[in-house]
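Data first, discussion second: the structure below is written as structure tokens.
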Amino acid sequence: MSVTSQSPSNAAYRDPFFAGIILLLWVLLALFVLYPLACLFGRAFVDGGTISLQPLLDVLNNPHHRRAFGNSLILALAVGVGGTLLGFLFAFTAVRGGLSRRVIGFIDTATLLPLISPPFTISVAILFSFGARGLITYDLLGIKGFAIYGFMSTAAAEMITYFPIAYLTLRPILASIDPNIENAAFSMGASRARVFRTMTLPLSMPGIANAFLLLFACSLADFATPLILAGNDFPVLPTEAFLQITGQFDLRGGALLSILLLVPAAVVFFLQRYWLQGRSFVTVTGKAGSRSSVEILTPAMRFTLFALCGAVSIVVIYFYALLLFSSLVVAFGANHTFTFKHYHVIFTEGLPAIRDTLIIAAIGMPLGGIYGVVVGYLVARKQFWGRQSLELASMINYALPGTIVGIAYLLAFNDKPMELTGTAAIIIACYIFRYSPTGIRATIALLHQVDKSLEEASESLGAKSFTTFRRITLPLIMPAFFTGLGVVFIRSMTAISATIFLISINWTLVTVRILENMTELSLGPAAAFSVLVVVIVYVVLFLIGQMLARFRALEGGRVESILGG
Amino acid sequence: MAVTAAQPVPIRLTGIGKSFEHGVKGRIHAVRDVNVAVVPGELLTLLGPSGCGKTTTLRMIAGFEQPTEGEIHIGEKNVTGLRANERNIGFVFQNYAIFPHLSVFENVGYGLRVQQKPEDEIKRAVADVLDLVGLAGYAQQHPHQLSGGEQQRVALARAIVFRPRILLFDEPLSNLDAKLRVQMRGEILQLQKRLGITTVYVTHDQEEAMAISDRIAVMDRGSIVQIASAEDLYDRPSNEFVARFIGRTNLFDGKMRDTTNGRIVVEALGQTIVANSAPDGILPGDTVRVMIRPERIALTVQSTTGVGAKVLSRTFLGEKTEYHVSVGDQLVQATLYGQGKQSAFAAGDSVQIIFPADGVHLMKP
């Protein structure tokens, strides 16, 4: 590989150590990112040795598939708008509401829960509340045969599941708006509404756009919620692709449907990367004012905001309480006798799934963490040929909906020369390349804050590049490493959209067992599994938070950065 | 001149206080019993170390914070309790608070647009004020294209364009480099005098305060210690805090001996020192604090009236030379101007110190 550098002392190409690592990364990316995608496109468009668009046209001509495509877009749009509104409400309240630490802690807990839950959690809770025998629809309101399935419930479930992402995206943006900007406008006689309209809103616009795109992509890729709640009359692409493959064993049809999903996903990715990048206003004025704004909200407005956030938080917490309750009764809706039998089931019959999931997470976590830090370091600090392509390639699996990645892996690793289907390795590889980019981004962001002179000082003292990396750079980027670990672990415990295609008799996952339980209508064990996952993730997140606290000296190591991606 | 102020108004702070409950430290008084009358057209500076309450006081005048005690009048109007957007003030922030998403024109015109002035009037007023602050032709620029000094000028233009009744500055120059700071403070002063607008200015930089102010209010731990012109503060500080905060100074303990014929005789440094005035209520036998500025001291080789001293160190700084000398066990700083190398003293030399009576200032201990 030809590798060049601007600064001779930093020439990666002269350094066999870095040259070797870059080569290794390219091999891994080729194998686990580019090759599966090539297989996916090959299967979709190559027919008997010739390239043909006919299969795609056939898919597009199928009215059912066209509807699924349209539904996916409508759903993503609704979730993007609604979730961003909710996220903005929460972020604005947290930043400008003048709330006490305890109240913000309560709001943070309520918004944290959906982020660390397995995918069906909210859907199950909605079924328990609003289903045919739901707590609210049947028991409280006495409605018989309430039809919960469809667009409304799916959109509501996804909004509640994903709005915390918008909250985490918008909160730092709003917090970085200097309150003196608002005060300045205010002192010139502007009303509160005007200050909000002409200052707060335009200044947070890049964040709002970013939150919308993130939520749009999440909803587009969401496979679990529509599977439970959408029903037969509201097909969406990820579930259609899944049913095509598992129900009709039509790999090509599934591949083609997932490629349809690729188009909007790619649009979102490039909008985020090239349109939104550098569109933040927040760093223009020099030193930030030290005082917080006391003027932008009246006590009545503050109370209203607090009440709205409180109501949404209570709904979220109610859903989780319901889940916990249903995991502890014989049969929710029919027999509310207290029992541990569902937990007994998951720790006996369900134990292999728990064990497999934890083994896979435990192997994937350190590998993903190291991979993220190494790629982030090379991209941020080294000059070499193909640097930007390397970064782009490392982001692909992260940006793609899980359904596409899952089908691509299924196609790529089903046969020789890379027969990995049925092994844990395929699941681990999927997690590493799909969820480490958060760690990569955290590393890059952190390194941009660390002055290069620290490393140059080390070099000037005679340290070799590996020594500099190990003794100077690595300690500085430890927070990013832990962030990477956290994300890979959480996703290993909660993801399903890609790995549903990759499990086997030998290796299965808790999330897949939850889905199986739901389709068998054994909701008690499903609830118990969900509670278990939330508890495990919460404990691990707490431990990582403790580790991060030790590196508090450097910014970028906050727990929420684990979840922002 | 298109940009003119209305009739200048006074600002009156009566018994202003701000206190709040602190979880650990109990009740904290950020500002206590501040009484100031800013006369129309005056530039009054609040000067003091960080944490002395000067910015809090300014923000209470602006209406960004409300006092827990006292009243604020702007002109004849009691504005206590009114919000910042109801007080008609111009405020220049420490970090300028330029609206980063708006052009220079839109930044400056914001206040006028809020007042729903007609578009052509806004255009004219903004052009005039940009001209006034030396930013003609910058209207369409965006904040990130501006240097620190230019951002400062935009902030200034934005604060004066809608003809506020008063102008408030919160450490406006602290983000500029030293040279620009001197230049900008000259421009601010010139502009303030030209507009004749009553102004309160906050800084922790004593030189800046002295250069710009009609009067300076020195603050310490939430209270105003002394309000006076720069000359009075420098020559006749009311207490040791002011004496030490403004300029460099020598302070000794002394004992009042005699007050005959308007000549006050004090015993200090084991010698007799003469002053021209003494604080009220000081009687012979009382202890006093004796202050003399280093540049008011003279050093000679031979003198009959001087005090014997020994040179400890000499620092040549071009226009002046600084000496540290010892009188007994007391260290005294002396600054001599325009001294050539020939007449200089060296470390170890024995010298005589002369304290001229008009340079000696006595304070209550």
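Every read-out reported here was derived from the displayed coordinates using simple, explicitly stated rules and does not represent laboratory data. This one's a predicted model, so the numbers in the text were calculated from it and none came from an experiment. Cβ atoms come from the backbone with ideal geometry, glycine included; neighbour counts cover every protein chain shown.
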Original post:
So what is the relative contact order of chain B, in percent, for Cα pairs below 8 Å that sit 6 or more residues apart?
Top reply: 16 percent
Subject >> chain A, relative contact order in percent, only Cα pairs under 8 angstrom and at least six apart counted >> reply: 21 percent
Original post:
If you plug each phi of segment B:70-82 into the Karplus form 6.51 cos²θ - 1.76 cosθ + 1.60 with θ = phi - 60°, what whole-Hz ³J(HN,Hα) values come out, in order, with x for Gly and Pro?
Top reply: x, 10, 10, 10, 10, x, 8, 8, 7, 9, 3, x, 6
**OP:** For segment A:311-465, just list the percent of Cα-Cα distances falling in each 10 Å bin from zero outward, please.
**Re:** 9, 21, 24, 22, 15, 6, 2, 0
Original post:
For the pair A:PHE340 and A:LYS144, how long in nm is the line joining their label points, each one 7 Å along Cα→Cβ?
Top reply: 4.0 nm
Original post:
Where Lys and Arg each count +1 and Asp and Glu each count -1, what net charge lies around B:GLY222 among other residues with Cβ under 9 Å from its Cβ?
Top reply: +1
**OP:** Quote the relative contact order of segment B:251-363 in percent (integer), defining contacts as alpha-carbon pairs under 8 Å separated by 6+ residues.
**Re:** 32 percent
Subject >> Overall Cα dimensions of segment B:246-362 - principal axes, largest extent first, Å >> reply: 45, 27, 24
Subject >> Calculated FRET value between A:ALA132 and A:PHE41, using beta carbons and R₀ = 35 Å, to 0.05 >> reply: 0.25
Original post:
Where the centre of each part is set by its Cα atoms, how far does segment B:152-171 sit from segment B:128-142, in angstrom?
Top reply: 14 Å
Original post:
Shape call for segment B:74-179 from the C-alpha gyration tensor, a ≥ b ≥ c root eigenvalues: rounded (a/c under 1.5), prolate (a/b greater than b/c) or oblate?
Top reply: oblate
Original post:
Given H placed 1.01 Å from N in the peptide plane, which residues other than close sequence neighbours of B:ILE216 have an amide H under 5 Å from its amide H?
Top reply: B:THR45, B:ALA228, B:SER229, B:ALA230
**OP:** Please give the helix B:178-195 orientation as an angle from the longest Cα principal axis of chain B, in degrees from 0 to 90, rounded to the nearest 10.
**Re:** 70 degrees
**OP:** Take peptide A:195-207, look around each residue's Cβ out to 10 angstrom, count Cβ atoms belonging to other protein chains, and average those counts.
**Re:** 2
Original post:
Considering only DSSP beta bridges with both partners in segment B:11-242, what is the antiparallel share in %, to the nearest 5?
Top reply: 55 percent
**OP:** Report the FRET efficiency, 1/(1 + (r/R0)^6), for A:THR304 and A:GLN54, where r is their Cβ-Cβ distance and R0 is 51 Å, rounded to 0.05.
**Re:** 0.35
Original post:
In whole Hz, what ³J(HN,Hα) sequence does segment A:112-124 give by Karplus (6.51, -1.76, 1.60; θ = phi - 60°), x for Gly and Pro?
Top reply: 6, 3, x, 6, 10, 9, x, x, 8, 3, 5, 4, 4
Original post:
In segment B:1-159, if every C-alpha pair distance is counted and binned at 10 Å from zero, what percent goes to each bin?
Top reply: 10, 32, 31, 21, 6, 1
**OP:** Grab the beta carbon distance between A:SER176 and B:LEU251, set R0 = 51 Å, and tell me the FRET efficiency rounded to 0.05.
**Re:** 0.65
**OP:** Give me a single rounded figure for B:109-116: the average over its residues of other chain Cβ atoms within 10 Å of their Cβ.
**Re:** 4
Original post:
Which peptide among A:46-54, A:200-208, A:510-518 comes first, and what is the full order, when sorted by highest mean count of other Cβ atoms within 10 Å?
Top reply: A:510-518, A:200-208, A:46-54
Original post:
What are the ³J(HN,Hα) values, in whole Hz, obtained from phi via the Karplus relation 6.51 cos²θ - 1.76 cosθ + 1.60 with θ = phi - 60°, for each residue of segment A:365-380 in sequence order, with x given for Gly and Pro?
Top reply: 4, x, 4, x, x, 5, 4, x, 5, 5, 5, x, 5, 4, 5, 7
Subject >> Space enclosed by the convex hull of the alpha-carbon atoms of chain A, per residue, Å³ >> reply: 170 Å³
Subject >> Under 5 Å, built H, 5+ apart or other chain: amide partners of B:GLU42 >> reply: B:THR199
Original post:
Once amide H atoms are built 1.01 Å from N in the peptide plane, which residues 5 or more positions from A:VAL330, or in another chain, come under 5 Å H to H?
Top reply: A:THR337, A:THR339
Original post:
Which pairs break 20 Å Cα to Cα here: B:LYS54/B:LYS364; A:LYS382/A:LYS452; B:LYS25/B:LYS364?
Top reply: B:LYS54/B:LYS364; B:LYS25/B:LYS364
Original post:
How far is the Cα center of segment A:508-554 from the Cα center of segment A:14-41, in Å?
Top reply: 32 Å
Subject >> Long-range tail of P(r) for chain B (Cα pairs > 40 Å, %) >> reply: 30 percent
Original post:
GNM, chain B, Cα, under 10 Å: largest mean-square fluctuation among B:ILE11, B:ILE188, B:ILE166?
Top reply: B:ILE188
